[in-house]
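Worksheet for the structure shown next.
Where a number appears in this text, it was derived from the coordinates with a stated rule and is not lab data. Just so it is clear, the model here is predicted, and its values are computed rather than measured. For neighbour counting, all protein chains shown are included, and Cβ atoms are generated from backbone atoms with ideal geometry for every residue, glycine included.
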Amino acid sequence: MSGIDNTLKEIFGFDKFKPGQKQVVETIMAGLSAASIFPTGAGKSLCYQLPAILEQGMTLVVSPLLSLMKDQIDFLKSKNIAAAKLDSGMSAEDYRSTLEAARQGKLKILMIAVERFKNERFRTQLRLMKVSLLVVDEAHCISEWGHNFRPDYLKIPMYQKEFRIGKVLLLTATATPMVIFDMCEKFAIRQENVVQTGFYRKNLFLRIHPVIEEKKDARLREVLAGKPDGPAVVYVTLQKTAERVARMLTKNGVAADAYHAGMKNDQRESIQNHFMTGKTSIVVATIAFGMGIDKEDIRKVIHYDLPKSIESYSQEIGRAGRDGNPSLCCVLGNKNAVPILENFVYGDTPGFDNIRHVLNSIHQNRGTVFEVRAYTLSRDADIRLLPLKTLLVYLEMVKIISPKYTYFESYAFQYLIPDKEMLNNFTGEKKIFVQTILDNSKTAVKWSNVDIDGIVAESGSDRQRVLTALEYFHEKGWIDLQPKSGVEVFEILNSGFEIDSTAHKLANLFVKKEKKDIERLHTMIEMFEKDQCLAKSLSAYFGEKLDADCGRCSVCLDKSLIRLPESELPFLEKMDFYTLVRALTDVALSPLPVDLTTRFLCGILTPRLAQYKARNLSGFGRLEAYPYKVVEKWVQSQCRG
């Protein structure tokens, strides 16, 4: 028996590998990069966990969500594997001890969010760690062709080179052939090292139940009461829907908890723990719940609202039946919420004027660098944070700017020991330097704000030495160090670009992305209404051909076309425009911009609307059930009138 087979048995307790796992592990152990394209629940995590035990050095895992990290770390610790995570909710002591363990080679696996790479403190520490493998989970996020593109993921290949990490393992369950090619090309992974197992899972019973909105609650209770018995996840689109449906179920004798991103971290963690341990059997959740949760016996995944794409649908139903036993995946379908799903897309599309504001900020810069304070620029340009990050990536791609580094605008600390006791640990020039740091750190109540520029000017040392000293004090437990206000610094490669033409080009890129995302939603609806086996259609989308129909989905059983119902809406022309926007006119600049007014009425919160506290204004979201483009056209006609 080989070393990897022994490790599989002795550490993980498995007698044999699942399909594809051994090939990935052997590729990694041979010193090569690889990609693992396995369906949800098919054992992607083992592909890095097992090599991490056998190899010298540490495995660095980039994970998208806190819940995924927690679940993985709990599992690894149960197997006595030295693993840890870094997240913003950690105490100073835990953060310090985790970094120290990573530097000293005591950790086999360290999990981080992709944003951690931009953290000046973490980057300083990472250079002192020996990383043998970089793992990118949910690797489809790196591709603009993917359903969940995250601009920060585009920079991971650059980080791999910067920190000299030799090998990469890409993991995903939801990637079309185009996305697989794109993400592997970015990391120079050879085709023969892409391991893709079958997508189809015969234990999942796919059902589409066309149902009008008014009858969804009753149908949901029927489905939950039916077979198979066991834990269930009910997916909804909006946070308020999660809370309402959970209350409705509980009131009708079906105990359920709501879960969404608007809750506090400890509340979400408690609900997740109760679900994992069986104290709670039904969770009504937005898509914030479920990623990376390895619960084998989920018997039902119910979409109370439509998912936003085929990829999302496949990822969410993939959480059912990981133990191989029959599980129901049911969509309570109608088209009423399609405009709300579309609004998420339209809300992330900055307009020409918004993009022009950012370009003008670069143009007006007198120096060779462009400093981005994300929240400030987001507010001033009225672009949400995620599309703003995407815009900055686009500007990199057209060679206008290039990322240099990220720094924190300010640092603050509180003393954990007296300052004189700190000074007694140093002599000579080092003592003078430490005294300079303390003299230039003004204390207000508990926290002392560090004047880094003042320290540099007075001591003649550079910024890096000051930061290294502060980190050292923090590691020793003398101070609790807190960085504040991250600033991304870009080099301006081309300051002579023409603003308007560039803004039009970039706006067109966003429009193309918007069109692609809207098409993705309607492609899913077409699949649900198609006269073809659901399992066959779903597999074909991800590049797998099934020889025969599944015989157990809605289409196979009913032998009839499925049509999702749609309710009639009142004509907009019968509504009083000025009554709907009166509260907005009281706080916004006049005349009201068409795009801002449309987003207000459709319930899309932009940074500027957040400034106006639009959620509390009458009229906000009153037309969220209408297609965005229909509302926009109506607003244009009203503004002209």
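Here are the numbers:
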{"read-out": "Sites Ser485 and Asp266, calculated FRET efficiency, Cβ-Cβ separation with R0 25 Å, nearest 0.05", "value": "0.45"}
{"read-out": "Over 29 Å between alpha carbons, listed pairs Lys77/Lys308; Lys85/Lys216; Lys516/Lys545; Lys215/Lys300; Lys227/Lys279; Lys216/Lys389", "value": "Lys77/Lys308; Lys85/Lys216; Lys216/Lys389"}
{"read-out": "For the chain, with +1 on Lys and Arg beta carbons and -1 on Asp and Glu, the positive-most of Leu128, Asn494, Val234 along the dipole", "value": "Val234"}
{"read-out": "Where a label projected 7 Å from the Cα of Thr376 along Cα→Cβ would reach, residues of region 431-470 with amide N under 18 Å", "value": "450-454"}
{"read-out": "Count, lysine Cα pairs under 17 Å in region 407-490, 8 or more residues apart or across chains", "value": "9"}
{"read-out": "Helix-only CD estimate at 222 nm, as mean residue ellipticity for the chain, using -39500 (n - 2.57) per DSSP H run (n ≥ 4)", "value": "-13000 deg cm²/dmol"}
{"read-out": "Point-charge dipole on Cβ atoms (K/R +1, D/E -1) for region 407-490, about Cα centre, debye to 20", "value": "220"}
{"read-out": "Exposure rule at most 13 other beta-carbon atoms within 10 Å, DSSP loop GluC sites (Glu not before Pro): the chain longest free segment", "value": "1-295"}
{"read-out": "Coil-residue trypsin sites (Lys or Arg not before Pro) of region 399-475, DSSP, other Cβ within 10 Å capped at 13", "value": "Lys399, Lys446"}
{"read-out": "Options Phe12, Pro64, Ala82, ranked by Cα towards positive dipole end of region 3-196, top entry (Cβ charges)", "value": "Ala82"}
{"read-out": "Selection of trypsin sites (Lys or Arg not before Pro), region 1-43, meeting DSSP coil and at most 10 other Cβ within 10 Å", "value": "Lys16"}
{"read-out": "Positive-end extreme of charge dipole, the chain - chosen from Leu596, Asn203, Val369 (charges on Cβ)", "value": "Asn203"}
{"read-out": "Exposure proxy ranking, count of Cβ atoms within 10 Å, fewest first, for Ile53, Ile479", "value": "Ile53, Ile479"}
{"read-out": "Answer label, with volume of the Cα convex hull per residue in Å³ calculated from the coordinates and candidates [x] 187; [y] 154; [z] 282", "value": "[x]"}
